[in-house]
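Engineer: Pasting a structure below so you can have a look.
The values are calculated or read from the model by the stated rules, or taken from the named source; none is laboratory data. Computed from a prediction, not measured in an experiment: that's the story for all the values here. Because the Cβ atoms are built from the backbone with ideal geometry, glycine has one as well, and the counts that use them run over all protein chains shown. Areas reflect the complete protein model, heavy atoms only, side chains present, ligands, DNA and RNA absent. Shrake-Rupley method; radii C 1.70, N 1.55, O 1.52, S 1.80 Å.
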Amino acid sequence: MDRCKKDFGDDFIWGVSTAAYQIEGAHNTDGKGASIWDTFVQKKNKIFGKQDANVACDFYNRYAADLALMRRMNIPNYRFSIAWSRILPQGTGEINGLGIDFYNRIIDLALELGITPWVTLYHWDLPQALEDKGGWTNRDVKDWFADYVAICVKHFGDRVKNWIVINEPTVFTGAGYFFGVHAPGKKGFNNFLAAAHHTALAQAGGARIIKSLQTGSNVGTSFSCSHIEPYTARNKDKIAAAKADALLNRFFIEPLLGMGYPTQEIKALRKIEKYMQQNDEANLQFNMDFIGIQNYTREIIRHTLFVPFLQAKIVSAQKRKVETTAMNWEVYPESIYEVLKKYSSYANIPPLIITENGAAFTDELVDCKVHDPKRKAYLQQAIEQVYRAKNKGLNVHGYFVWTFLDNFEWAEGYRPRFGLVHVDFENQKRIVKSSGKWYADFLK
Ligand code: BGC
């Protein structure tokens, strides 16, 4: 049976998500300062096809038509991020009024169209000026971030109530400060641990600031989560899976819930203590109003001696010969149910909202139409799993599709298309895909 919106009740929150760097373009327009992604895309061999997001979807100039389209697609909630370096070109200090104006225009128009804004304060685009001072590896970043958050609340808080403090700390600290495959391209365990700890502090600290400045605010933060299973029933694989789970799923939520870092499973994580100061443990804790869950796939983990610290590795979906998306991620709808179950089982967990879920597939434009049955099926199956979770009494209250428009998929460039709306990057033409039409119909 096809699920319908009313099965979820009137209070369930439906929406779409985007991120500033992936769609806005206008990378140096109207006083915007450079971000670490503006710098990173210029480095050799970092981005597929040497692409960048200098123009991306040109949302900076086309936001009005895009929001109108969102309205026509019956989308009631829009999650987008603010580019820190548009507000503070140097990361701290002088405010760029034109940057404030841009987000004011988006917020005002969204509200006028009946679309509720959900603002992510950090979706990976640190001002380059702050990276020059060490970025997330410099403990001062938590104070720079706190100042920036306060400025956003002061300027937008009269109209924005829903805030997501940080997007996927595990991914940006791992990819950006351990593996060096995302901006700023730093590598190594020490960089990663320092960045991770300062991010965790900034996350709780940022939320505390919003709550102190705005009564009635709804504050959360978003975590990347994957259901994890061992490759075989061998003990070694089970231990490896538990380690991967600690790193990928538990590392940031547990200190936030006051449980500390999950160092039991991964002894090497204890080195994070080197970056801890008095009161940090208490400061890492914060009672969020909601937790954003971002799920795309599951991971199968096996033991290996060749990966230092973890002795665990992912068995790729390709190797397992299972159905995949264009990101080579396994299509495994049950994952979303499993992560909701996992997070719901924490004591004192606040309401959960799926702040991202979606899929990239190779789309074909035929006669000005994009027929994408695989994406539609992916979303339908995911939504069915969210229903299953809700029906079992799990703590889930919303679902946002990643993403509205095809966009710049970080190191993968423009090749993977995740959008409900097709974008022709030559002429910026938008075409609602059949999955987008289906979602619009579902939301009616
Ligand atoms: C990120 C998005 C990204 C998406 C698909 C999430 O990790 O928040 O920015 O585009 O997944 O990879």
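Engineer: Could you give the length gained by full extension between ARG320 and ASP140, i.e. 0.36 nm per residue of separation minus their alpha carbon distance, to one decimal place?
Structural biologist: Values: separation 180, 0.36 × 180 = 64.80 nm, distance 4.41 nm.
Taking ARG320 through ASP140 to full extension adds about 60.4 nm, to one decimal.
Engineer: Net charge near ASP140, counting Lys/Arg +1 and Asp/Glu -1 over other residues with Cβ under 15 Å of its Cβ?
Structural biologist: Details: positive: LYS133, ARG139, LYS142; negative: GLU131, ASP132, ASP143, ASP147, ASP280.
In short, -2.
Engineer: I've got another one for you. Contact order normalised by length for region 5-443, with contacts defined as Cα pairs under 8 Å and 6 or more residues apart; what percent is it? Don't skip to the end; give the middle numbers.
Structural biologist: Details: 917 pairs, mean separation 75.1, N = 439.
Across region 5-443, relative contact order equals 17 percent.
Engineer: Using +1 at the C-beta of Lys and Arg and -1 at the C-beta of Asp and Glu, which of PHE59, ILE353, ASN218 has the Cα lying farthest in the positive direction of the dipole of the chain?
Structural biologist: ILE353
Engineer: Okay, moving on. What FRET efficiency comes out for the pair HIS397/SER212, r = Cβ-Cβ distance, R0 = 22 Å, nearest 0.05? Numbers along the way, then the final one.
Structural biologist: Numbers: r = 24 Å, r/R0 = 1.10.
For R0 = 22 Å, the calculated efficiency reads 0.35.
Engineer: Given the Cα-Cα distance of ALA64 and ASP7 and 0.36 nm per residue of separation, how much length would full extension add, in nm?
Structural biologist: Full extension from ALA64 to ASP7 adds 17.3 nm.
Engineer: Leaving out ligands and nucleic acids, and using a 1.4 Å probe, what accessible area per residue does the chain come to in Å²? Could the numbers behind the result be given before it?
Structural biologist: Numbers: 17910 Å² over 444 residues.
Accessible area per residue: 40 Å².
Engineer: Ordering TRP329, TRP410 by how much accessible area each has at a 1.4 Å probe, largest first, what is the list? Intermediate results must be reported in sequence, preceding the final value.
Structural biologist: Values: TRP329 80, TRP410 10 Å².
In descending accessible area the options line up as TRP329, TRP410.
Engineer: Just name one of TYR275, ALA34, LEU88: the one whose Cα is farthest towards the positive end of the charge dipole of the chain (beta-carbon charges, Lys/Arg +1, Asp/Glu -1).
Structural biologist: Among TYR275, ALA34, LEU88, the one farthest towards the positive end of the dipole of the chain is TYR275.
Engineer: Under the rule of -39500 (n - 2.57) per DSSP H run of 4 or more residues, summed and divided by the residues of the chain, what mean residue ellipticity at 222 nm is obtained, to the nearest 500 deg cm²/dmol?
Structural biologist: On the way: 16 runs with 160 residues, N = 444.
One gets -10500 deg cm²/dmol as the mean residue ellipticity at 222 nm.
Engineer: Turning to a different aspect of this structure: So what's the gap between the Cα centers of region 224-262 and region 362-397, to the nearest angstrom?
Structural biologist: 26 Å
Engineer: Please report the net charge: other residues with Cβ closer than 12 Å to the Cβ of PRO351, K and R +1, D and E -1. Don't jump to the answer; show the numbers that get you there.
Structural biologist: Working: positive: LYS390; negative: ASP11, ASP289.
So the environment of PRO351 carries a net charge of -1.
Engineer: Filter the cross-link list LYS32/LYS154; LYS46/LYS243; LYS238/LYS341; LYS44/LYS274; LYS142/LYS341 down to pairs whose alpha-carbon distance in this structure exceeds 23 Å. Working shown, then result.
Structural biologist: On the way: LYS32/LYS154 19 Å; LYS46/LYS243 28 Å; LYS238/LYS341 19 Å; LYS44/LYS274 33 Å; LYS142/LYS341 32 Å.
Going by Cα-Cα distance, LYS46/LYS243; LYS44/LYS274; LYS142/LYS341 fall outside the 23 Å limit.
Engineer: Treating the beta-carbon of each Lys and Arg as +1 and of each Asp and Glu as -1, no other charges, what is the dipole magnitude of region 199-281 about its Cα centre, to the nearest 20 debye? Please list the in-between numbers first.
Structural biologist: On the way: 11 positive and 8 negative charges, 39 e Å.
That gives a dipole near 180 debye.
Engineer: Name the lysines eligible as straight-distance cross-link partners of LYS437: C-alpha to C-alpha under 28 Å, and not fewer than 8 places from it in the same chain.
Structural biologist: LYS5, LYS6, LYS369, LYS374, LYS376, LYS390, LYS429
Engineer: Quick one: if the Förster radius is 30 Å, what FRET efficiency do TYR346 and ASP147 give, using the C-beta to C-beta distance and rounding to 0.05? Don't jump to the answer; show the numbers that get you there.
Structural biologist: Details: r = 31 Å, r/R0 = 1.03.
So the FRET efficiency works out to roughly 0.45.
Engineer: Between region 169-196 and region 24-61, what is the C-alpha centre distance in whole Å?
Structural biologist: 20 Å
Engineer: Evaluate 2.2 N^0.38 Å with N set to the residue count of the chain, then give the Cα radius of gyration divided by it.
Structural biologist: Dividing the Cα Rg of the chain by 2.2 N^0.38 Å gives 0.92.
Engineer: Helix by helix, which DSSP H runs in the chain go 24 Å or more along their axis at the Cα atoms and have an average Kyte-Doolittle hydropathy of 0.0 or more?
Structural biologist: Working: long enough: 189-213 (36 Å, 0.44); 373-391 (26 Å, -1.29).
The qualifying helices are 189-213.
Engineer: For the chain, give the share of DSSP beta bridges that are antiparallel, in percent and rounded to the nearest 5; count only bridges with both residues there.
Structural biologist: Values: 12 of 48 bridges.
Approximately 25 percent, going by the DSSP bridge assignments.
Engineer: Another question, then. Can you compute the FRET efficiency between ALA377 and LYS271 using 1/(1 + (r/R0)^6), with r the Cβ-Cβ distance and R0 = 51 Å? Round to the nearest 0.05.
Structural biologist: The calculated FRET efficiency here is 0.70.
Engineer: Not counting ligands, DNA or RNA, and with a 1.4 Å probe, what is SER212's accessible surface area in Å² rounded to the nearest 10?
Structural biologist: Probe radius 1.4 Å; accessible area of SER212 about 90 Å².
Engineer: Next question, about the same structure. How many nm separate the modelled label positions at THR263 and LYS444, each set 7 Å beyond the Cα in the direction of the Cβ?
Structural biologist: Placing both labels 7 Å beyond Cα along the Cβ direction yields 5.7 nm.
Engineer: Rounded to the nearest 20 debye, what is the charge dipole size of the chain about its Cα centre when +1 sits on each Lys and Arg Cβ and -1 on each Asp and Glu Cβ? Provide the component values of the computation, followed by the final result.
Structural biologist: Values: 55 positive and 48 negative charges, 242 e Å.
Around 1160 debye, computed over the chain.
Engineer: How large a share of the accessible area of region 5-443, in percent, is made up of carbon and sulfur atoms when the probe is 1.4 Å and the other protein chains stay in place? Present the calculation step by step, with values, prior to reporting the outcome.
Structural biologist: Numbers: 8550 of 17340 Å².
C and S fraction of accessible area: 49 percent.
Engineer: Which one of GLY174, PHE290, ALA110 has its Cα pushed farthest toward the positive end of the charge dipole of the chain, where Lys and Arg give +1 and Asp and Glu give -1 at the Cβ?
Structural biologist: GLY174
Engineer: Which part of region 101-145 falls in the paramagnetic zone of THR39, meaning amide N under 12 Å from the point 7 Å along Cα-to-beta-carbon?
Structural biologist: Residues 126-137 fall inside that zone.
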